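Encoded as C-alpha cells, the structure appears first; notes follow it.
The values are calculated or read from the model by the stated rules, or taken from the named source; none is laboratory data. Keep in mind that what you see is a predicted model, and the values were worked out from it rather than measured. Note: ideal-geometry Cβ built from the backbone for every residue, glycine included; neighbour counts use all protein chains shown. Keep in mind that these areas ignore ligands, DNA and RNA; they rest on the heavy atoms of the full protein, side chains included. Shrake-Rupley method; radii C 1.70, N 1.55, O 1.52, S 1.80 Å.
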Amino acid sequence: MNKMKTALSIITLSVCFAQQLYAMPLPAMPDPAQPVNRFVTQVNADNSITFRYFAPQAKSVSVVVGIPTPESIHPMTKDSTGLWSWRGPVMEPNLYEYFFNVDGVRSIDTGTAMTKPQRQVNTSMVLVPGSMLDTNPVPHGDLITLTYHSDALKSERQLFVWTPPGYSGQGDPLPVLYFYHGFGDTVRSAVDQGRIAQIMDNLLAKGAIKPMLVVVPDTETDAEGIVPETFVPAERRKVFYPLNAKAADQELMTDIIPLISKRFHVRNDAEGRALAGLSQGGYQALVSALNHPESFGWLASFSGVTTTTVPDAGVSAGLDDPTSINQQLHNFTLAVGSKDDVTGKDIAGLKAELEKRNIRFEYHEYPGLNHEMDVWRPAYAQFVQTVFK
C-alpha cells in the first residue's frame, strides 16, 4: 500500500510540474509584421554600425565592442517595442568583435550568424567592408575540410586546407604553411575570424605571395588528461601548455604532415615548409620548429607564448645553437601589440634572447594594440608575403 501511495505521489508531482512547465510563457519575439532587419545589427552606408538587441524585459543592456575596457562599453537605449540599440561612429574597414551585457549577463548577438569560433562561444563579429578581409571578385582558392584519425592522439580530428585557385595537384609541388590558432578558439578561428582564405585570395590576386597550401590544424589536442577546461587558469602555462604542445607536436609530425603529403602534391623539404601561430599557437609553432630543425625553414610567432614563461628543452637547445638556427630559418618573425598584457613579456623575453645570441629575426610591434586580431591578421599577411621566396 505504501509503495502504491509513493508511486501516486510521484505521478501527481510529475503532472503538476508538467502543467507548470507548459504554463510558463515563451520568450518574447519581435513583431512578425515587421521585417527582421529592423531588429538585427547592421553596417550602415557610412560604415557606422547600429547594434541591436531585442530584450523587452531587460533593465539594462550595453554593447562591448573590441577588447573589454571601460572605453569599449556603450549603453544602449530601449524603444517602445523592447528593442535596444546603439549607433556607433564611422568605423574603418575591419572585422570587429562585440558582445552584449544584458542585466549583467554576457550574451552573443542572437540576430547574426557571425560568431567568434570559440570552445565556449561568447562573442559575435561584424564585418565593415573595404579591406583585404573581404571576399572580393578575384580567383578563389578552395577551403577543404579533412577528417582523419590521429594515431598520436588516438582520436578523430579535423583540419582545414586552403589551396590556391585552380589547384589540381599537377605541376611543381607546392610549399606548405602550417598555422596554429590561439587558446580558447577552435580550428575554425583562423578561417572565420582570421579570414585566411580571403587574405590568401586577395594577396595572390595581386601577385604578392607565392602559390602555396595553408594547413590549419586544431591547436588543442583534447588528448587524455590534456583537455583545457579541466585546468584552472592559473595552471595553464605551468601544466597544460607543455603537455598540449608535446601532444600537438607529435600529431603534426606523425599524422598531419604525412597526411598532407599523401593527399596533396607538396614539397617535403624544410625550405618548403613554414610554421606560424598566434598566442598559444605561436608557442606551438616555436616548439615544433625548433624541436625539428630539419623539417621547417620559416617560423613566425604572433603575440606568442614563449619559453620565457613556458620552458621547453628542445627550444632552449635550439636557441643555444645560433649558427644552426640562422642556417635553418630563412625568416624568423616576431610580432606583438605594444600594449599586449597577455604575452607581451613572452615576446620581449624571446626578443632579448635572440638579440643576445645574434640570431637573425624580424620584429614588428603594432603601436597602441593589445592581444588581438588587429595585430595577428596584418602580421600574418606580412609574413606570408615573405615565405618561400
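Which value results when the Cα radius of gyration for the chain is divided by 2.2 N^0.38 Å?
Details: Rg = 24.6 Å, N = 389, 2.2 N^0.38 = 21.2 Å.
Rounded to two decimals, the normalised Rg is 1.16.
Distance between Cα centroids, segment 296-343 to segment 50-115: provide it in whole Å.
Their Cα centres are 38 Å away from one another.
Using the Cα centre as the reference, give the magnitude of the dipole from point charges on the C-beta atoms of segment 257-389 (Lys, Arg: +1; Asp, Glu: -1; all else neutral), rounded to the nearest 20 debye.
On the way: 12 positive and 15 negative charges, 85 e Å.
Approximately 400 debye in magnitude.
Which of Met91, Val191, Asn136 sits farthest toward the positive end of the charge dipole of segment 67-200, with +1 on the Cβ of Lys and Arg and -1 on the Cβ of Asp and Glu?
Checking the options against the dipole of segment 67-200, the answer is Val191.
Compute the distance in nm between two label points, each set 7 Å from the Cα along the Cα-to-Cβ direction, one at Met29 and one at Asp172.
Result: 5.9 nm between the two label points.
At 1.4 Å probe radius, can you tell me the per residue accessible area of the chain in Å²?
Working: 18750 Å² over 389 residues.
Each residue of the chain exposes 48 Å² on average to a 1.4 Å probe.
Considering all alpha-carbon pairs of segment 320-389, what whole percent are spaced by more than 13 angstrom? The partial results should precede the final answer.
On the way: 1604 of 2415 pairs.
Of all Cα-Cα pairs in segment 320-389, 66 percent lie more than 13 Å apart.
How large is the charge dipole for segment 103-163, taken about the Cα centre, if only the Cβ atoms of Lys, Arg (+1) and Asp, Glu (-1) carry charge, to the nearest 20 debye? Intermediate values should be presented prior to the final figure.
Numbers: 5 positive and 6 negative charges, 43 e Å.
Dipole of segment 103-163, to the nearest 20 debye: 200 debye.
Treat each spin label as a single point 7 Å out from the Cα along the C-beta direction, and report the Arg236 to Asp341 distance in nm.
1.5
Along the principal axes of its C-alpha atoms, what lengths does segment 227-297 span, in descending order and rounded to whole Å?
42, 21, 17 Å, listed from the longest principal axis down.
Which whole-percent values make up P(r) of segment 266-389 when all C-alpha to C-alpha distances are grouped in 5 Å steps starting at zero?
Once binned at 5 Å, the Cα pair distances of segment 266-389 give 2, 12, 24, 26, 20, 11, 4, 1.
For segment 123-191 and segment 226-262, compute the distance between their C-alpha centroids and round to whole Å.
Using only Cα atoms to place each centre, the spacing works out to 19 Å.
Can you send over the carbon and sulfur percentage of the accessible area for the chain, probe radius 1.4 Å, protein chains only?
On the way: 10510 of 18750 Å².
That share works out to 56 percent.
On a straight-distance basis, which aspartates and glutamates could pair with Lys78 in a cross-link, Cα separation under 17 angstrom, same-chain partners fewer than 8 positions away excluded?
Output for Lys78: Asp31, Asp103, Asp109.
Run down the lysines and flag those whose C-alpha is under 20 Å from the C-alpha of Lys246, throwing out any fewer than 8 positions away in its chain.
Lys154, Lys238
Calculate the radius of gyration of the Cα atoms of segment 44-133 to one decimal place, then report Dmax, the largest Cα-Cα distance, as a whole number, both in Å.
Values for segment 44-133 (Cα only, Rg and Dmax): 13.0, 40 Å.
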